[in-house]
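**Q** Provided herewith is a single structure, encoded as structure tokens, for subsequent inquiry.
The values are calculated or read from the model by the stated rules, or taken from the named source; none is laboratory data. Because the structure is a prediction, the values reported are computed rather than measured. Please note: Cβ atoms are built from the backbone with ideal geometry, for glycine as well, and neighbour counts cover all protein chains shown. With ligands, DNA and RNA removed, areas are computed over all heavy atoms of the protein, side chains included. Shrake-Rupley method; radii C 1.70, N 1.55, O 1.52, S 1.80 Å.
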Amino acid sequence: MHLIRIAIDRPIAVMSLVLMVIILGLVALQTIPIQLTPDVRKPVVQVTTTWAGAAPAEVEREITDRQEDELNGLEGLEEISSASENGRARVTLEYAVGTDMNRALLLVANRLDRVNGYPEEADEPTIKTSGTDDNPITWMILERMPGNDTPMHTFLDFAQDVIQDRLERVKGVAGVNVFGGGEREMQVIVHPEKMARYGLTVTDVVSVLRTANASVSAGDVDEGKRQYVVRMEGDLESLEQTQAVVLRSTRDPETGRIARVTVGDIADVAYGYKTPRHTIRLLAKESIAVNAVRETGANVIETMDGIRAAIAELNRFQLPNAGLHLRQVYDETTYITSAINLVQQNIYVGGTLAALILLLFLRSAGATLAVSLAIPVSVIGSFVAMTALGRSINVISLAGIAFAVGMVVDAAIVVIENIYRHRQAGLSRAEAAYRGASQVWGAILVSALTTVMVFIPVLIMQLEVGQLFRDIAVAISVAVLLSLVVSITVIPALAKKLLGKPKAESKTNIRVPVIDPLARGFVKLVLAFTRRVVSNRALAVLVVAVICGATGAGTYFYLPKLDYLPDGNRNLVFGVIQPPPGYNLSTTTEIAKRMEGEIRHLWATVSGPDPEPGQPPKIQRFFFVARADRTFIGAASMQPERVKELIPVLQEPAFREPGTFGFIGLRSLFGRGISGSRSIDLNISGPDLEQTLDVAIRAVGMVDGVLPKSEGTQIRPRPGLELGSPEVRIIPDRIRLADNGVSARELGDTIDTFNDGLR
């Protein structure tokens, strides 16, 4: 092997290459993205359209059906599903694995451009893909300071203008979302008796306001040597301007006098706030929630440092003047930092233990030092390859590095042991190093390649599992290949310099009490047993049968529970409560408040951080986000290792309401939905809705019989086991409408206005 001979003859060049690899690895470590989990892109596109105040049937008829008609037949599309809810339509497109999602997004956007005739109050559809980088890296809560009695929902505009704007300027933040509260708006509160006096309808008022609130370009005009752009500004920007809008103007033909009816004559115009669609409470305090989503490839630790600095700046300057305080309640880097510390500890402790074992067996400080250098060189050098391949440091790649710490010394041990054997035989250092490495390099090459070959299917797999475990495959493969190079270059070069005289470091000259006699006895016992087995065929068959039977039985009886992925421990119990259809926001809020009151005694802020003997751990944070159709709840423990004990504590009051379904469990580290990785999806579909619902009800009963709730099974039917939400239907008398000069549209607008407001 010329490479081995070159490494032995030019040790300085070898050490220079080693230093170069370490320096490049340290540089790569500063630039490689650090995040919680690998980026997993799913071949899924979601189209969401908001139509505030619309019923599910209207949403399906006016939005969902039209979008599905246009999106059907897209290239690579395997399945299309939709959900029409109160005020929102969501269409989900699932593509074949390996589809170019950038092209798919472009085609979806082009198809959606063909959909026209959306309701005037509906927003433009939004498109997004599904991936782990959509998960927020931090959650913050905006709460009132003592003495601030202003309703919390009125601070939404402030949060968007001040907090959202500041956080989005942090390097590495792709977007900031604000939840809760209501936006400030101008409200025109009409009086029906005054409208009737002037013969006006709500539709008349809305039509006039829409046409009056407009700014348009009016061309250009030449004046002298200049050209002026003409623009008509008609935006209604003040209460006075809105009150002065003329709804009707009538001229008396005899006197020429003009009678005008303005908005101020039939309505009160004032500033107000939109009705909140959520109720957010943290530890019984009304709050507004804010989260931040990282940019793809951003270093989460550096991004989080910038977010913390922004939070400190806001709490120091802008927020105190408004009587507010921003508190960070979830930080993804907590888990990342603990994982990095664990790997560092594994490297230090594992490397030290490996060195001690080598020193114990080889009894040579030089040989031990040579093998120990394989660990940092291989591990640090793997960061260069990970950076070049576009990978990141996350819990998966860190696990691969932790595994590699024990694997990278295997080849070095084999080489140094063979070199040491030749040295003890009396060969010179250079000759012992060459022969020792050249005799075993083929064996360690095959050993390294078999390890790498195992991960080739993972590297080329396009499924979610392939994307998820690609980092661990890269980390282990690169580290093992680097250890191979180190073992046939660095180890022989160091052996030439570090190994002592043949007899000075002989194992027989260095005795270790107790251990050496036990080792000799163990060796004699093993060799005697081996000779006996080899010489007796029946005994050999019996030994093989016993070993195989014992391992098979042990595997069968002690096999751990099968799961797709571990949940990890984010110290967060999270769940969703789905009430019966038709509940309003105030009712779901009251249900959540009752639950809040029942577990209040476990809050650390109420009764201290230490739990009583035999009691569940104290709750560090408890929050809920109530909506009309569902409620999200979450809790964090003062003792993270006992967070699972909070699941039954939350389940009992959460599902006490009759007809309530839901799920409460430990939030999965890998973000596979609310239920984590321990869930089974059962889809029931058919042409007839009532028949499909009947089958679904029977299916839930059968599942409950096989997997009873008493054993911890939780069932969450979506959208529910009842046919729609209760509603009040108004059937217009078209003859009477015609007699009074009112259309069905005008009647609907009027009812909408006096019900919850026409937007």
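**Q** Give the residues of the range 307-324 that are of a type in the set (Lys, Arg) and either under 21 Å from residue 135 (Cα atoms) or in contact (Cβ under 8 Å) with a residue 24 or more places away in the chain (or both), sorted by residue number. Working first, answer last.
**A** Filtering the range 307-324 down to residues of a type in the set (Lys, Arg) leaves 308, 316.
Correct list: 308 only.
**Q** As an exercise: evaluate residue 223 against (1) open to solvent by 90 Å² or more (accessible area, probe 1.4 Å); (2) out of contact with any strand residue (DSSP E or B) (no Cβ under 7 Å at 6 or more places or on another chain); (3) within 30 Å of residue 740 (Cα to Cα) and give the number of the one condition it does not meet.
**A** So residue 223 meets the others, but not (3).
**Q** Here is a follow-up. May I ask you to say which residue of 133, 113 is at pLDDT below 90 and under 23 Å from residue 298 (Cβ atoms)? Don't jump to the end; show me each part of the working.
**A** Values: 113 fails: under 23 Å from residue 298 (Cβ atoms).
Exactly one of 133, 113 is at pLDDT below 90 and under 23 Å from residue 298 (Cβ atoms), namely 133.
**Q** Quick check on my filter: what residues within the range 297-306 are touching a residue at least 40 places away in the same chain (Cβ under 8 Å) and among the acidic types (Asp, Glu)?
**A** Of the residues in the range 297-306, the ones touching a residue at least 40 places away in the same chain (Cβ under 8 Å) are 297-304, 306.
Residue satisfying the conditions is 302 alone.
**Q** A further question on this structure: Scan the range 256-293 for residues that are out of contact with any Phe, Trp or Tyr (no Cβ under 9 Å at 6 or more places or on another chain), within 20 Å of residue 159 (Cβ to Cβ) and part of a strand (DSSP E or B) and report the count.
**A** Going residue by residue through the range 256-293, those that are out of contact with any Phe, Trp or Tyr (no Cβ under 9 Å at 6 or more places or on another chain) are 256-260, 262-264, 267-277, 285-286, 293.
Keeping just the survivors that are within 20 Å of residue 159 (Cβ to Cβ) gives 271-277, 285-286, 293.
Cutting the leftovers down to part of a strand (DSSP E or B) gives us 271-273, 285-286, 293.
Within the range 256-293, residues that are out of contact with any Phe, Trp or Tyr (no Cβ under 9 Å at 6 or more places or on another chain), within 20 Å of residue 159 (Cβ to Cβ) and part of a strand (DSSP E or B) number 6.
**Q** Still on this model: Right, residue 530: open to solvent by less than 90 Å² (accessible area, probe 1.4 Å), outside any loop (DSSP other than H, G, I, E, B) and at pLDDT 85 or above or not? So that I can check it myself, show each step before the final result.
**A** Values: open to solvent by less than 90 Å² (accessible area, probe 1.4 Å): yes; outside any loop (DSSP other than H, G, I, E, B): yes; at pLDDT 85 or above: yes.
Here the answer is yes, as residue 530 does meet what is asked.
**Q** Are there any pairs with C-beta distances below 8 angstrom linking a residue in the range 175-194 that is within 17 Å of residue 752 (Cα to Cα) and touching a residue at least 60 places away in the same chain (Cβ under 8 Å) to a residue that is of a type in the set (D, E, K, R) and open to solvent by 50 Å² or more (accessible area, probe 1.4 Å), with the two at least 6 apart or on different chains, and if so which?
**A** What qualifies is 188/268; 189/268; 191/268.
**Q** Please verify whether residue 308 is at pLDDT 90 or above and open to solvent by 40 Å² or more (accessible area, probe 1.4 Å), treating the condition exactly as stated. First the steps, then the outcome.
**A** Details: at pLDDT 90 or above: yes; open to solvent by 40 Å² or more (accessible area, probe 1.4 Å): yes.
It is true that residue 308 is at pLDDT 90 or above and open to solvent by 40 Å² or more (accessible area, probe 1.4 Å).
Let's see how each residue does on (1) touching a residue at least 60 places away in the same chain (Cβ under 8 Å); (2) more than 23 Å from residue 34 (Cα to Cα); (3) open to solvent by less than 20 Å² (accessible area, probe 1.4 Å); (4) touching a Cys at 6+ places or on another chain (Cβ under 9 Å):
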residue: 431; (1), (2), (3), (4): no, yes, no, no
residue: 441; (1), (2), (3), (4): yes, yes, no, no
residue: 447; (1), (2), (3), (4): no, yes, no, no
residue: 457; (1), (2), (3), (4): no, yes, no, no
residue: 470; (1), (2), (3), (4): yes, no, no, no
residue: 487; (1), (2), (3), (4): yes, yes, yes, no
residue: 497; (1), (2), (3), (4): yes, yes, no, no
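**Q** While we're on this one: Let me spell it out: the conditions are (1) over 42 Å from the mean Cα position of the chain (by Cα); (2) assigned to a helix (DSSP H, G or I); (3) exposed (fewer than 12 other Cβ atoms within 10 Å of the Cβ); (4) not hydroxyl-bearing (Ser, Thr, Tyr), and residue 253 meets all of them except one. Which number is the exception?
**A** Result: residue 253 passes all but (2).
**Q** Any idea which of (1) modelled with pLDDT under 80; (2) open to solvent by less than 60 Å² (accessible area, probe 1.4 Å) is the one residue 97 doesn't satisfy?
**A** Every condition holds for residue 97 apart from (2).
**Q** Hey, another quick one. How about the range 69-89: which of its residues are open to solvent by less than 60 Å² (accessible area, probe 1.4 Å) and either at pLDDT 85 or above or at negative phi (or both)?
**A** In the first step, residues of the range 69-89 are kept if they are open to solvent by less than 60 Å² (accessible area, probe 1.4 Å); the result is 70-71, 74, 76-77, 80-85, 87-89.
Answer for the range 69-89, where residues must be open to solvent by less than 60 Å² (accessible area, probe 1.4 Å) and either at pLDDT 85 or above or at negative phi (or both): 70, 71, 74, 77, 80, 81, 82, 83, 84, 85, 88, 89.
**Q** Of the numbered conditions (1) over 30 Å from residue 41 (Cβ atoms); (2) surrounded by 19 or more Cβ atoms within 10 Å (Cβ to Cβ); (3) modelled with pLDDT of 85 or more; (4) in contact with a strand residue (DSSP E or B) (Cβ under 7 Å, 6 or more places away or on another chain), residue 636 satisfies every one except a single condition; which is it?
**A** (1)
**Q** Identify all residues within the range 546-587 that are open to solvent by 60 Å² or more (accessible area, probe 1.4 Å) and either part of a helix (DSSP H, G or I) or among the basic types (Lys, Arg) (or both); write none if there are none.
**A** Across the range 546-587, the qualifying residues are 546, 547, 548, 550, 551, 555, 556, 557, 558, 561, 586.
**Q** Can you pull out every residue in the range 338-397 that is of a type in the set (S, T, N, Q) and either in a loop (DSSP other than H, G, I, E, B) or open to solvent by less than 70 Å² (accessible area, probe 1.4 Å) (or both)? It would help to see each step written out before you state the result.
**A** Step one: list which residues in the range 338-397 are of a type in the set (S, T, N, Q), which gives 338, 341, 344-346, 352, 364, 368, 372, 378, 382, 387, 392, 394, 397.
Across the range 338-397, the qualifying residues are 338, 346, 364, 368, 372, 378, 382, 387, 392, 394, 397.
**Q** I'm trying to understand the selection: among the residues of the range 533-544, which are among the small types (Gly, Ala, Ser) and open to solvent by 60 Å² or more (accessible area, probe 1.4 Å)?
**A** Initial filter on the range 533-544 (among the small types (Gly, Ala, Ser)): 535, 538, 540.
Scanning the range 533-544 gives 535, 538.
**Q** Next up: Within the range 425-437, is there a residue that is closer than 22 Å to residue 303 by Cβ, of a type in the set (A, V, I, L, M, F, W, C) and in contact with a helix residue (DSSP H, G or I) (Cβ under 7 Å, 6 or more places away or on another chain)? Quick ask: steps written out before the conclusion?
**A** Step one: of the range 425-437, the residues closer than 22 Å to residue 303 by Cβ are none.
Checked against the condition, which is being closer than 22 Å to residue 303 by Cβ, of a type in the set (A, V, I, L, M, F, W, C) and in contact with a helix residue (DSSP H, G or I) (Cβ under 7 Å, 6 or more places away or on another chain), the range 425-437 yields no hits at all.
**Q** Would it be correct to say that residue 242 is in a helix (DSSP H, G or I) and either in contact with a Phe, Trp or Tyr (Cβ under 6 Å, 6 or more places away or on another chain) or of a type in the set (Val, Ile, Thr) (or both)? Let's see the steps before the verdict.
**A** Working: in a helix (DSSP H, G or I): yes; either in contact with a Phe, Trp or Tyr (Cβ under 6 Å, 6 or more places away or on another chain) or of a type in the set (Val, Ile, Thr) (or both): yes.
The answer is yes for residue 242.
**Q** Now for a separate question. Being over 29 Å from the mean Cα position of the chain (by Cα), within 30 Å of residue 648 (Cα to Cα) and at pLDDT below 80 narrows it down to one of 719, 708, so name that one. Before you say what the answer is, go through the steps one by one.
**A** Numbers: 719 fails: over 29 Å from the mean Cα position of the chain (by Cα).
When all the criteria are applied, what remains is 708.
**Q** If you go through the range 423-446 one residue at a time, do you hit one that is closer than 30 Å to residue 570 by Cβ and either modelled with pLDDT of 80 or more or out of contact with any Ser or Thr (no Cβ under 6 Å at 6 or more places or on another chain) (or both)?
**A** Filtering the range 423-446 down to residues closer than 30 Å to residue 570 by Cβ leaves none.
No, the conditions are met nowhere in the range 423-446.
**Q** While we're on this one: For the range 112-171, name all the residues that are open to solvent by 50 Å² or more (accessible area, probe 1.4 Å) and assigned to a strand (DSSP E or B).
**A** 126, 127, 128, 139, 144
**Q** Follow-up question, since we're still on this one. Could you list, in sequence order, the residues of the range 607-633 that are open to solvent by 30 Å² or more (accessible area, probe 1.4 Å), over 18 Å from residue 290 (Cα atoms) and among the hydrophobic types (A, V, I, L, M, F, W, C)?
**A** Passing the criteria: only 628.
**Q** Within the range 1-40, work out how many residues are closer than 25 Å to residue 294 by Cα, loosely packed, with under 15 Cβ neighbours inside 10 Å and in contact (Cβ under 8 Å) with a residue 60 or more places away in the chain.
**A** 2
**Q** Name the residue, out of 260, 277, 327, that is open to solvent by 60 Å² or more (accessible area, probe 1.4 Å) and without any contact (Cβ under 8 Å) to a residue 60 or more places away in the chain. Steps first, answer last, please.
**A** Values: 277 fails: without any contact (Cβ under 8 Å) to a residue 60 or more places away in the chain; 327 fails: without any contact (Cβ under 8 Å) to a residue 60 or more places away in the chain.
One residue alone meets the criteria, 260.
**Q** In contact (Cβ under 8 Å) with a residue 60 or more places away in the chain, among the aromatic types (Phe, Trp, Tyr), farther than 30 Å from residue 596 by Cβ and open to solvent by 30 Å² or more (accessible area, probe 1.4 Å): does that describe residue 271?
**A** It is true that residue 271 is in contact (Cβ under 8 Å) with a residue 60 or more places away in the chain, among the aromatic types (Phe, Trp, Tyr), farther than 30 Å from residue 596 by Cβ and open to solvent by 30 Å² or more (accessible area, probe 1.4 Å).
**Q** Here's another thing I want to ask about it. Among the numbered criteria (1) in a helix (DSSP H, G or I); (2) of a type in the set (A, V, I, L, M, F, W, C); (3) under 28 Å from residue 332 (Cβ atoms), which one does residue 108 miss?
**A** Unmet for residue 108, out of (1) in a helix (DSSP H, G or I); (2) of a type in the set (A, V, I, L, M, F, W, C); (3) under 28 Å from residue 332 (Cβ atoms): (3).
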